[in-house]
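Student: Please find one structure pasted underneath; my questions will follow.
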Amino acid sequence: MPIGYYEFTVTPADDGITLKSFLRRICGLSARSMKVIRYGGGSISCNGTELRAHDILHQSDTVKVRLPREEQSEIVPIEGKLDILFEDDRLLIVNKPPHMPVHPTKIHQLDTLANIVMYDQHKRGESYPFRALNRLDKDTSGIVILAKDRIAYNMVFSTIRKTYAAVCEGIITEGGTIDLPIGAAPDSKIQRCVREDGVRAITHYEPLHAYEHHTLCRVWLETGRTHQIRCHMSAIGHPLAGDTLYGGNLDLFQRQALHCRSVTLPHPITKELIELTAPYPEDFSV
């Protein structure tokens, strides 16, 4: 099915509910989003008839949603290599190398993942805004998930489960959980720190392999705070190797040794579980 087209079948459990309630539950569309679709060049129909938000649906009805064509961003397409782990007409999942920003910034306008994705989609004859479901720091490598339309974004966003690989300073012999609040560090627009008035943050970690002075760990999160893994591992005395912002040194890595290693998520249409693992980057061969 082309990008931006969806078909949903009304089940017995949804018989008699309004279109607005059905689409909110099935794919996270708000009443406002429905208006944007209807008046922006898209359509929402049932059995060939255009529907309004308060129209009633019945068992076995087929609801069709055609999203309006979205305005392209001003991201400049730049040719580059994409390490694609999965792609269809709903999702694009790639393995981002280290030292590459995800989105353009004032300093990085033409060397980001977004630039390369824009070039790749134009080459394929596709057109969709750059819409990342997860964000990695410039120097963090690994899996980035992109949704090709707003419905795919809504249906997948809260279902993603990620694990990270981190090379930490020192020897870690046992796994554990870090439950410490995180907030902005004083006098810094970038750095975070553990502070009593911060937002609750929970990180789990498990050692996988010990080196002479470092430990490779598997890390996964219950919350998604800015710099959470970097801040938390530093707080327990094991900052990431190469992470000078949080106390790591440059003996082994020239960037924070953090890699989004694996993801699991249900496909927005088939609901089949997508399970992907990104190979370790070259600098993880320690």
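The values are calculated or read from the model by the stated rules, or taken from the named source; none is laboratory data. Predicted model, so just to flag it, every value in this text is computed and none were measured. Using ideal geometry, Cβ is built from the backbone for each residue, glycine included, and neighbour counts are taken over all protein chains shown.
Student: Can you report the number of residues in the stretch 264-280 which are among the polar types (S, T, N, Q) and not in a loop (DSSP other than H, G, I, E, B)? Write out each step before concluding.
Tutor: Quick first cut of the stretch 264-280, residues among the polar types (S, T, N, Q) only: 264, 270, 277.
The next check asks that each one be not in a loop (DSSP other than H, G, I, E, B); those that pass are 264, 277.
So the answer is 2.
Student: Can you find, within the stretch 83-123, the residue that is farthest from Leu258 (Cα to Cα) among those that are assigned to a loop (DSSP other than H, G, I, E, B) and touching a strand residue (DSSP E or B) at 6+ places or on another chain (Cβ under 8 Å)? If you could, list the steps in order and put the result at the bottom.
Tutor: Filtering the stretch 83-123 for residues assigned to a loop (DSSP other than H, G, I, E, B) gives 83, 88-90, 97-112.
Checking the rest, the ones that are also touching a strand residue (DSSP E or B) at 6+ places or on another chain (Cβ under 8 Å) come to 83, 90, 97-98, 102-103.
Numbers: Asp83: 18, Arg90: 27, Pro97: 11, Pro98: 9, Val102: 15, His103: 18 Å.
Among those residues, the one meeting the criterion is Arg90.
Student: Separate question: Of (1) at pLDDT below 95; (2) within 20 Å of Ile269 (Cβ to Cβ), Leu85 satisfies all except one. Which?
Tutor: For Leu85, the exception is condition (1).
Student: Also, I was wondering about something else. (1) out of contact with any strand residue (DSSP E or B) (no Cβ under 9 Å at 6 or more places or on another chain); (2) modelled with pLDDT under 95; (3) of a type in the set (Val, Ile, Thr): which one isn't true of Ile151, the others all being true?
Tutor: Failed condition: (1).
Student: I'm trying to understand the selection: among the residues of the stretch 181-212, which are of a type in the set (Ser, Thr, Tyr) and surrounded by fewer than 14 Cβ atoms within 10 Å (Cβ to Cβ)?
Tutor: Ser188, Tyr211 - these are the residues of the stretch 181-212 that are of a type in the set (Ser, Thr, Tyr) and surrounded by fewer than 14 Cβ atoms within 10 Å (Cβ to Cβ).
Student: Of Ser127, Ser188, which residue is free of Cβ contacts under 8 Å to residues at least 12 places away in the same chain and outside any strand (DSSP E or B)?
Tutor: Values: Ser127 fails: free of Cβ contacts under 8 Å to residues at least 12 places away in the same chain.
Result: Ser188 is the single residue among Ser127, Ser188 that is free of Cβ contacts under 8 Å to residues at least 12 places away in the same chain and outside any strand (DSSP E or B).
Student: Related question: Which residue is nearest to Gln72 (Cα to Cα), if the candidates are limited to the stretch 139-163 and must be touching a helix residue (DSSP H, G or I) at 6+ places or on another chain (Cβ under 6 Å) and buried (at least 20 other Cβ atoms within 10 Å of the Cβ)? Talk me through it step by step, then tell me what you get.
Tutor: Going residue by residue through the stretch 139-163, those that are touching a helix residue (DSSP H, G or I) at 6+ places or on another chain (Cβ under 6 Å) are 147, 151, 154-155.
Still in the running and buried (at least 20 other Cβ atoms within 10 Å of the Cβ): 147, 151, 155.
Working: Ala147: 14, Ile151: 17, Met155: 22 Å.
The selected residue is Ala147.
Student: Where residues in the stretch 213-258 are under 12 Å from Leu180 (Cα atoms) and of a type in the set (Val, Ile, Thr), which of them is surrounded by the most Cβ atoms within 10 Å (Cβ to Cβ)?
Tutor: Only one residue tops the list, namely Ile229.
Student: Same structure, new question: Pairs needed: first member in the stretch 272-283, free of Cβ contacts under 8 Å to residues at least 24 places away in the same chain; second member anywhere, surrounded by 16 or more Cβ atoms within 10 Å (Cβ to Cβ) and among the basic types (Lys, Arg); C-beta distance under 8 Å; at least 6 residues apart or different chains.
Tutor: From residues that are free of Cβ contacts under 8 Å to residues at least 24 places away in the same chain, the pairs are Thr277/Arg261.
Student: Can you pull out the residues in the stretch 169-222 that are of a type in the set (D, E, K, R) and within 25 Å of the chain's Cα centre (by Cα)?
Tutor: Quick first cut of the stretch 169-222, residues of a type in the set (D, E, K, R) only: 169, 174, 179, 187, 189, 192, 195-197, 200, 206, 212, 218, 222.
Those that are of a type in the set (D, E, K, R) and within 25 Å of the chain's Cα centre (by Cα): Asp179, Lys189, Arg192, Arg200, Glu206, Arg218, Glu222.
Student: Same structure, new question: Can you name every residue in the stretch 152-209 that is out of contact with any Lys or Arg (no Cβ under 7 Å at 6 or more places or on another chain), of a type in the set (A, V, I, L, M) and more than 22 Å from Ser141 (Cα to Cα)?
Tutor: Listed by number, the residues that qualify are Met155, Ile171, Ile172, Ile178, Leu180, Val194.
Student: To continue, here is another question. Out of everything in the stretch 245-286 that is outside the structural domain of Ala235 (by TED's automatic domain parsing) and aromatic (Phe, Trp, Tyr), what residue ends up being nearest to Arg90 (Cα to Cα)?
Tutor: If we take residues in the stretch 245-286 being outside the structural domain of Ala235 (by TED's automatic domain parsing) and aromatic (Phe, Trp, Tyr), then Tyr280 is nearest to Arg90 (Cα to Cα).
Student: Could you check the stretch 204-219 and list, in sequence order, the residues that are within 9 Å of Ala165 (Cα to Cα) and either of a type outside the set (A, V, I, L, M) or outside the structural domain of Glu169 (by TED's automatic domain parsing) (or both)?
Tutor: Cys217, Arg218 - these are the residues of the stretch 204-219 that are within 9 Å of Ala165 (Cα to Cα) and either of a type outside the set (A, V, I, L, M) or outside the structural domain of Glu169 (by TED's automatic domain parsing) (or both).
Student: If Val199 meets every condition in (1) β-branched (Val, Ile, Thr); (2) more than 22 Å from Arg255 (Cβ to Cβ); (3) outside the structural domain of Ile229 (by TED's automatic domain parsing) apart from one, which number is that one?
Tutor: So Val199 meets the others, but not (3).
Student: Continuing with the same structure: Just checking, does the stretch 31-51 include any residue being surrounded by 13 or more Cβ atoms within 10 Å (Cβ to Cβ), part of a loop (DSSP other than H, G, I, E, B), at pLDDT 90 or above and of a type in the set (Gly, Ala, Ser)?
Tutor: Looking through the stretch 31-51, at least one residue is surrounded by 13 or more Cβ atoms within 10 Å (Cβ to Cβ), part of a loop (DSSP other than H, G, I, E, B), at pLDDT 90 or above and of a type in the set (Gly, Ala, Ser).
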